[in-house]
There are 2 protein chains.
Amino acid sequence: MRTVFWEDNTLKMIDQRRLPGSLEMITCWTYGDVEQAIKNMTVRGAPAIGAAAAFGLALAAQGSEARTTLQLFSDLETAAMLLKASRPTAVNLAWALDRMLQAIRDKLEGITPEEIRVFALQEAQSIANEDVEINKRMGQHGAALIDDGDTIIHHCNTGALAVVDWGTALGVIRTAHDQGKHVHVLVDETRPRLQGARLTAWELQQYGIPFEIISDNMAGYFLHTGQAQKVLFGADRITANGDIANKIGTYMLALAARDNGVPVYSVAPISTIDLSMADGSLIPIEERDPDEVLGIQFHGERIAPQGAGARNPAFDVTPNRLITGIVTEKGIVYPPFIDNLIEIMRK
Amino acid sequence: MRTVFWEDNTLKMIDQRRLPGSLEMITCWTYGDVEQAIKNMTVRGAPAIGAAAAFGLALAAQGSEARTTLQLFSDLETAAMLLKASRPTAVNLAWALDRMLQAIRDKLEGITPEEIRVFALQEAQSIANEDVEINKRMGQHGAALIDDGDTIIHHCNTGALAVVDWGTALGVIRTAHDQGKHVHVLVDETRPRLQGARLTAWELQQYGIPFEIISDNMAGYFLHTGQAQKVLFGADRITANGDIANKIGTYMLALAARDNGVPVYSVAPISTIDLSMADGSLIPIEERDPDEVLGIQFHGERIAPQGAGARNPAFDVTPNRLITGIVTEKGIVYPPFIDNLIEIMRK
């Protein structure tokens, strides 16, 4: 099953907020539903929200009552703007919507609104199908970096649930496992929303890959005591110089790996690379509801005292100097990233 | 109210597992009760468990049916051995018990078992009273490091609850606040047991010091974006070279501070310094029940999937190169720690 897919003229998606307790689907009838699903993290993971947004634009085309192609295109531009704003940090969202708009713009002359509606859906399907292919290729490239017997620290969720199917960093681990390499994963629980403990642990169980959950602040201990050989995570946006915005906590994990000489790989499709930004300081960092930090319970009791406040930045930026390599579908990019990211995009 | 205190021939202590939900006391009638309370973290914080263990030895003296001083001393040695094993990483526990045994050994000749029982309690009371004094002095020394307007990242709980009264790192923050300096605290929630979100946040509310809770993996973001000017924590054991064992997560926090040029201070009494250990690699690191990692809930539902395992090291070691200074009751120790720790102990 794919994380997001088109069925009966609607977009279906796995409700990732319900896992691992239960595997439920939700249906999006309008692009507003998709916007909401991205905001409340029913769907999350940079490539998955990219594909979801593309289907969202197909829903916008379906839902528009425009009778002219120009009017329809204007409606799509509005929808794309709203969808882009639903999560500001990941660039795949903007990339997928821009690709949709560009493809439609190229076809505008001489076709009917109805043909645009059909074409928009086809393009969204292409984005979703290509995403699966891209993930498989990243898996192949990345698996070459994994040694038999490696213990890998993994942050957030980058598996099938974060993409359309297969996974980015977790896709690399799956590919290595399928190749017969013995790997063990230390799963960062990934506070505050616990995508590691909830989603990555659940996926690893499905795949039969051995793992243990750790709290994020334990990674340094395992790295310092020689109990982990690789650090892997995805990316939400990679700037021209190789700085990487990713789920909050990635920066501290990369620092701890670097301090102990353990290689750090980010696994992300080319669509995550944003050459329009010179460095990570320019990336907008989303700050979410404090209740994501405050709302956890132990033995049914809320942890934080009544009236306590919290901060909740959802992402941080890992400087390029802490990154050993970036695994893309076109191969692995090594420093100097400022040259080699452009190089790989030209391929 | 003190965290641990003697009343009606028993040891009373605040049940720290119940905070911030409710403020309850438990009573220890035997040294076995104290051992249990340390193991299950009814009482926690290196200085607090040191004082609790000292009172535990007074309970052991009371409870022993020995009729000779030698037999009684032998019973106390056994009790001390068992109490020491209740938490292996913090050295204050061993320090307090060794001080108790040494003080009693010095008196053994010519006194009765009953006089030993009285003396053991007096010595435990002295340890507890001195702890409060020591904390106040650390507060004075440390507050000089805090600037008006500082935002301070603080790990775990080092307040009144971690000691007999006042606090170590949090004691410094309280003293600075009492001096009229405007401080803001970013409270590391401190997974897995959440001593920050539960205990430090609760204490800061009592003192009227402004704060916000963050998940531990967010500290790097605030340090990297210039939103924090100091990092403060306690210590469970400081080796001869200045390596510091402290609550899990301290190492990654110190790394992030160092990477951004933010000063890092450990605040701990001289009794935390263990010159018998050359460096941090020798410190035993306690690994606790995986359920402390796995057991949290969100909206009443357990986070981790059924059958998932976890690792749970309770402490890590921060190398001396990441420490700006160590605040003790005798003053602030700066590098080179290998010389200056011995120097301050001689004072």
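The values are calculated or read from the model by the stated rules, or taken from the named source; none is laboratory data. Being a predicted model, the structure only gives us computed values, none of them experimental. Virtual Cβ from ideal backbone geometry, glycine too; neighbours counted across all protein chains shown. The area values use the complete protein model at the heavy-atom level, side chains included, leaving out ligands, DNA and RNA. Shrake-Rupley method; radii C 1.70, N 1.55, O 1.52, S 1.80 Å.
Which of B:LYS12/B:LYS39; A:LYS84/A:LYS247; A:LYS136/A:LYS181; B:LYS181/B:LYS330; A:LYS181/A:LYS230 have a Cα-Cα distance over 21 Å? As for pairs spanning more than 21 Å Cα to Cα, those are B:LYS181/B:LYS330. Using a probe of 1.4 Å, the accessible surface attributed to B:LEU282 totals some 100 Å² when neighbouring protein chains are kept in position.
Each other residue within a Cβ distance under 15 Å of B:PRO113 adds +1 if Lys or Arg and -1 if Asp or Glu, for a net charge of -2.
Heavy-atom accessible area buried between chains B and A is around 5000 Å² (1.4 Å probe, both sides summed).
Please compute the contact order of segment B:4-136 in relative form: average sequence separation of alpha-carbon pairs under 8 Å and at least six residues apart, divided by the residue count, as a percent.
Contact order relative to length: 24 percent.
Taking the Cα centre of segment A:75-210 as reference, the dipole from Cβ charges on Lys and Arg (+1) and Asp and Glu (-1) amounts to some 380 debye. Beta bridges assigned by DSSP with both partners in chain B are antiparallel in approximately 50 percent of cases. For A:LYS39, the solvent-accessible surface computed with a 1.4 Å probe is close to 90 Å², ligands and nucleic acids excluded. The phi-based Karplus calculation (6.51 cos²θ - 1.76 cosθ + 1.60; θ = phi - 60°) puts the 3J(HN,Hα) values of segment B:126-135 at 4, 4, 5, 5, 4, 4, 5, 4, 4, 5 Hz, whole numbers, x for Gly and Pro.
Could you tell me which chymotrypsin sites (Phe, Trp or Tyr not before Pro) in segment B:9-55 are loop residues by DSSP with no more than 15 other beta carbons within 10 angstrom of their beta carbon?
Answer by residue number: B:TRP29.
Each residue of segment A:14-24 was assigned a 3J(HN,Hα) from its phi angle through the Karplus expression (A = 6.51, B = -1.76, C = 1.60, θ = phi - 60°), giving 5, 7, 6, 6, 8, 6, x, x, 8, 9, 10 Hz with x at Gly and Pro. For segment B:27-124, applying the loop criterion from DSSP together with a ceiling of 11 other beta carbons within 10 Å to the GluC sites (Glu not before Pro) yields B:GLU65, B:GLU109. Of A:LYS84, B:LYS247, the residue with the largest accessible area leads and the full order is A:LYS84, B:LYS247 (1.4 Å probe).
The 1.4 Å probe gives accessible areas that order B:TYR207, A:TYR265, largest first, as B:TYR207, A:TYR265. Taking the DSSP bridge list for segment A:184-276 and keeping only pairs wholly inside it, about 20 percent are antiparallel.
Taking a sphere under 12 Å around the Cβ of B:MET13 and counting the other residues whose Cβ falls inside, with K and R at +1 and D and E at -1, yields a net charge of +1. With semi-axes defined as the square roots of five times the eigenvalues of the C-alpha gyration tensor, the equivalent ellipsoid of segment B:138-346 measures 26, 22, 15 Å, largest first.
Normalised per residue, the accessible area of segment A:138-346 is 29 Å², obtained with a 1.4 Å probe and no contribution from ligands, DNA or RNA. Residues whose amide H lies under 5 Å from that of B:ASN246, counting only those 5 or more places away or on a different chain, are B:ASP236, B:ASP316, B:THR318; hydrogens are built 1.01 Å from N in the peptide plane.
Take A:ARG18, push a point 7 Å out from Cα through the beta-carbon direction, and compare it with the same point in every other copy: 3.9 nm, smallest first. Computed about its Cα centre, the charge dipole of segment A:138-346 is approximately 80 debye, with only Lys, Arg, Asp and Glu carrying charge at their Cβ. In the protein assembly as shown, the DSSP beta bridges split such that about 55 percent are antiparallel, to the nearest 5.
Dipole check for the protein assembly as shown: with +1 at the C-beta of Lys and Arg, -1 at the C-beta of Asp and Glu, and the Cα centre as origin, the magnitude is about 300 Debye. Summing charges over all other residues whose Cβ lies under 13 Å from the Cβ of A:ASP259, with Lys and Arg as +1 and Asp and Glu as -1, gives +2. Helical content of chain B, expressed as a calculated mean residue ellipticity at 222 nm, amounts to -12500 deg cm²/dmol (DSSP H runs of 4 or more residues, -39,500 (n - 2.57) each, divided by residue number, nearest 500). Look at the stretch A:221-232: the mean tally of other chain Cβ atoms within 10 Å of its residues' Cβ atoms is 3. Both radii are taken from the alpha-carbon atoms of segment B:231-319; with Rh as the Kirkwood radius, Rg/Rh is 1.08. Distances between copies at A:GLN102, taken between label points 7 Å from Cα along the C-beta direction, are 7.4 nm in increasing order. Across the protein chains, with a 1.4 Å probe defining accessible surface, the residues B:ARG44, A:ARG67, A:ARG193, B:ARG174 rank A:ARG67, A:ARG193, B:ARG174, B:ARG44 from largest area downward.
When the Cα positions of B:GLY307, A:ALA124, B:ALA66 are compared along the charge dipole of the protein assembly as shown, A:ALA124 comes out farthest toward the positive end, with charges on each C-beta of Lys, Arg, Asp and Glu.
How far apart are the B:GLY63 label points across copies, placing each 7 Å from Cα toward Cβ, in nm, shortest first? Copy-to-copy label distances at B:GLY63, shortest first: 6.8 nm. Across peptide B:201-213, the average count of Cβ atoms from other chains found within 10 Å of a residue's Cβ is 3.
Placing one equal scatterer on every Cα of segment B:222-277 and applying the Debye formula, the log10 ratio I(q)/I(0) at q = 0.16, 0.18, 0.22, 0.30 Å⁻¹ is -0.50, -0.61, -0.82, -1.18. Computed from phi, the 3J(HN,Hα) profile of segment B:221-227 under the Karplus parametrisation 6.51, -1.76, 1.60 (θ = phi - 60°) reads 4, 5, 5, 5, 9, x, 9 Hz, with x in place of Gly and Pro.
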